[in-house]
1. Sort through Thr51, Thr30, Thr14 and tell me the only one that's in a helix (DSSP H, G or I), surrounded by fewer than 17 Cβ atoms within 10 Å (Cβ to Cβ) and modelled with pLDDT of 80 or more.
2. Restricting attention to region 205-221, which residues are open to solvent by 20 Å² or more (accessible area, probe 1.4 Å) and closer than 21 Å to Ala43 by Cβ?
3. If I filter region 54-100 down to residues being open to solvent by 80 Å² or more (accessible area, probe 1.4 Å), aliphatic (A, V, I, L, M) and at pLDDT 80 or above, which single residue comes out as farthest from Phe149 (Cα to Cα)?
4. For Pro139, indicate whether it is closer than 24 Å to Val203 by Cβ and without any contact (Cβ under 8 Å) to a residue 40 or more places away in the chain.
5. Restricting attention to region 144-170, which residues are touching a residue at least 60 places away in the same chain (Cβ under 8 Å) and more than 27 Å from the chain's Cα centre (by Cα)?
6. Between a residue in region 208-221 that is more than 18 Å from Leu133 (Cα to Cα) and any residue that is of a type in the set (Lys, Arg) and surrounded by 14 or more Cβ atoms within 10 Å (Cβ to Cβ), which pairs come within a Cβ distance under 7 Å, given they are 6 or more apart or on different chains?
7. Could you please let me know if Ala127 is open to solvent by less than 20 Å² (accessible area, probe 1.4 Å) and modelled with pLDDT of 75 or more?
8. Which one is most open to solvent (accessible area, probe 1.4 Å), of the residues in region 142-199 that are closer than 18 Å to Leu7 by Cβ and of a type in the set (S, T, N, Q)?
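The values are calculated or read from the model by the stated rules, or taken from the named source; none is laboratory data. Every value quoted in this text rests on a predicted model; they were computed, and no experiment measured them. In this analysis, Cβ positions are derived from the backbone assuming ideal geometry, glycine residues included, and neighbour counts consider all displayed protein chains. Heavy atoms of the whole protein, side chains included, go into the accessibility calculation; ligands, DNA and RNA do not. Shrake-Rupley method; radii C 1.70, N 1.55, O 1.52, S 1.80 Å.
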Amino acid sequence: MTTAAWLLLLTTWTVGVISPGPDFIAVLRTAARAGRRPGIACAAGVVTGITLWIVLAMTGISAVLLAHESVFRVVRIVGGVVLAGYGILILRGALRRRESLPDDDRELAAEPGPTGVRTPAVRPGAAYRLGLLTNVANPKALVFFGALFATILPAGATTAERVVVLVVMASIALAWFVLVAVAAGSAPVVRAFERAERGVDAVLGSLFAALGVGVLVDAVR
């Protein structure tokens, strides 16, 4: 790969990964509700999903899925249901005036965190699965990575170059989402979230539900 190709790829990817979306919201909300450790675990789940999409795109599997409309439609329908379901669960929690995470493994008791702020105890494993599910449920990633590599990654790129691209892109994503988790898990942000949790959850839940419905509508039309 040439220097110009590297710069274009990394610039495009950095802009794409820091743009607010479902992954950003999931990490932000998890860290603000439960603290930095669960937030970082959620970030790790998101990056695991990103790595999976990159591998699918680099190996040509994403191109195969996109070429078979019926298969891609199923992927979009499943993803839309998951995203909409997550949004509905957040909205239901806001309406019932109780804390809610769409994971059966959560613990309901609130415990003081390292910052002294009382936050709900959420196991890192549950937060990790939330991040992973949020990322893989968004079928737009399939199109994004397929287009990104088709237009920027040289057809003759070696296996070593592809591995380096994978590692660098995953590292950029991990650094960004960990930064989001650390910032959102700080005591001032957690306190602010506690005061406005119902309103914030109403907005975030609506965004997720709308995104899921949009994916479903696009899949069935």
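1. Details: Thr51 fails: surrounded by fewer than 17 Cβ atoms within 10 Å (Cβ to Cβ); Thr30 fails: surrounded by fewer than 17 Cβ atoms within 10 Å (Cβ to Cβ).
Checking each option against the conditions leaves just Thr14.
2. Leu207, Leu211
3. Ile88
4. no
5. Once the filter is applied, which keeps residues that are touching a residue at least 60 places away in the same chain (Cβ under 8 Å) and more than 27 Å from the chain's Cα centre (by Cα), region 144-170 yields Pro154, Ala157.
6. Asp218/Arg76; Ala219/Arg73; Ala219/Arg76
7. Working: open to solvent by less than 20 Å² (accessible area, probe 1.4 Å): yes; modelled with pLDDT of 75 or more: yes.
So Ala127 passes the test.
8. The selected residue is Thr151.
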